[in-house]
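Since the structure comes first, as structure tokens, the remarks are kept for the end.
The values are calculated or read from the model by the stated rules, or taken from the named source; none is laboratory data. Please read these numbers as outputs of a predicted model, since none were measured by experiment. As a convention, Cβ positions derive from the backbone with ideal geometry for all residues, glycine included, and neighbour counts pool all protein chains shown. Note: areas computed on protein heavy atoms with side chains; ligands, DNA, RNA excluded. Shrake-Rupley method; radii C 1.70, N 1.55, O 1.52, S 1.80 Å.
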Amino acid sequence: MKKHISVFGFYARSSAYKVLLVLLLMALAETAVFLFQFWGELANYYNLLEQVTQGNAEVAYLARPEQLLGNGYISVVFAVAVMAVSVILCLPGCEFGAKTSYTIKRLLVSERACFFWQMLCSLMLYFLVYVVQISLVFGLSQYYICHAPEELVGNQSIFLMFYRSEFLHSLLPLADIRIWVRNIFLLFGLAFAAAGFSYQQRRKKKPMALWLMLVCSWFFFSQEIAGFSNVMFLSLTSLMVITKLLFNVLPEEETLF
């Protein structure tokens with residue numbers, strides 16, 4: 001059992017600190033983008049409010065939180081962070097350099113076991129990325145509530161923003177069970193694909209599953225509230241990737257490197 005724990009430790013040490021650095025950069029980038037837009041919108045709102053009092057404008061408008069947090073900039077930063085994390089997760093165990101390959105060989109654990117330990121480590125780190133992104137959205141929305149004029153926000157402002165934005169609703173679908181199930185499949189699909197990358201690379205095969213998962217996630221992650229097509233497509237894609245890799249890994253003999 002110690003050998004198996006050592007394998008998990010190897011993958012965790014190879015990836016965890018780098019993933020944490022990516023998450024820090026993601027948080028800084030999203031916070032900077034949000035604050036830049038929010039304070040610009042707030043300055044414009046007070047300027048319009050002054051013009052309304054002078055009779056030069058009819059209404060003063062402030063962008064809602066979902067318009068700032070659910071716009072393309074935040075979602076692009078999140079997508080880039082997921083891609084960076086995926087690269088970090090798939091490299092341990094690859095034979096681009098002899099160092100990592102020899103390290104795993106010395107642990108005397110079968111390749112099948114290495115695959116599943118790497119998959120578990122990847123799953124935990126992808127879940128961490130997901131949780132951090134949701135926490136960032138909540139934190140920035142609370143900042144909006146605290147600094148926006150009281151008459152423009154209410155107790156339901158944060159709750160409503162997850163139903164008004166396709167990206168935010170896909171990130172935290174609340175009562176939408178279909179998207180929760182889709183997100184679970186997506187996390188497992190990415191984790192299996194990241195583990196399958198090095199597994200297939202060592203066999204001189206083309207590891208396409210991870211790129212397929214990333215491309216499909218980039219284009220089909222955001223799902224409209226009443227829609228179903230993106231949910232079904234990503235769920236089936238994830239299930240297909242998981243099944244394909246299991247069929248490749250499970251029949252393998254329990255041989256060491």
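Things worth noting here:
- The combined condition, being within 27 Å of the chain's Cα centre (by Cα) and modelled with pLDDT under 75, is not fulfilled by Phe78.
- First in segment 50-70 and modelled with pLDDT under 75, second anywhere and in a helix (DSSP H, G or I) and β-branched (Val, Ile, Thr), Cβ under 6 Å, 6 or more apart: Ala60/Val52
- Condition met for Glu95 (open to solvent by 50 Å² or more (accessible area, probe 1.4 Å), at pLDDT below 85, out of contact with any strand residue (DSSP E or B) (no Cβ under 6 Å at 6 or more places or on another chain) and in a helix (DSSP H, G or I)): no
- Scan of segment 141-159 for residues that are surrounded by 14 or more Cβ atoms within 10 Å (Cβ to Cβ), hydrophobic (A, V, I, L, M, F, W, C) and not in a loop (DSSP other than H, G, I, E, B), ordered by number: Ile145, Leu152, Ile158
- Leu23 being touching a helix residue (DSSP H, G or I) at 6+ places or on another chain (Cβ under 8 Å), at pLDDT 85 or above, over 30 Å from Leu123 (Cβ atoms) and part of a helix (DSSP H, G or I): no
- Matching residues in segment 222-245 - criterion: being without any contact (Cβ under 8 Å) to a residue 40 or more places away in the chain, exposed (fewer than 13 other Cβ atoms within 10 Å of the Cβ) and assigned to a loop (DSSP other than H, G, I, E, B): Ala226
- Looking across segment 160-179 at every residue that is exposed (fewer than 13 other Cβ atoms within 10 Å of the Cβ) and not small (Gly, Ala, Ser), the one that is nearest to Ala63 (Cα to Cα) is identified as Leu174.
- Some residue of segment 192-201 being open to solvent by 30 Å² or more (accessible area, probe 1.4 Å), more than 26 Å from Asn44 (Cβ to Cβ), of a type outside the set (Asp, Glu) and out of contact with any Cys (no Cβ under 6 Å at 6 or more places or on another chain): no
- Selected residue [modelled with pLDDT under 80 and surrounded by 14 or more Cβ atoms within 10 Å (Cβ to Cβ)] from Val87, Val109, Val137, Val132: Val109
- Single residue of Tyr46, Tyr17, Tyr73, Tyr102 found to be modelled with pLDDT of 80 or more, open to solvent by 40 Å² or more (accessible area, probe 1.4 Å) and either within 30 Å of Gln201 (Cα to Cα) or in contact with a His (Cβ under 6 Å, 6 or more places away or on another chain) (or both): Tyr17
- Qualifying positions in segment 121-178 - closer than 21 Å to Asn44 by Cβ, within 20 Å of the chain's Cα centre (by Cα) and aliphatic (A, V, I, L, M): Leu140, Met161
- Restricting attention to segment 203-221, the residues that are over 10 Å from Thr237 (Cβ atoms) and open to solvent by 70 Å² or more (accessible area, probe 1.4 Å) add up to 7.
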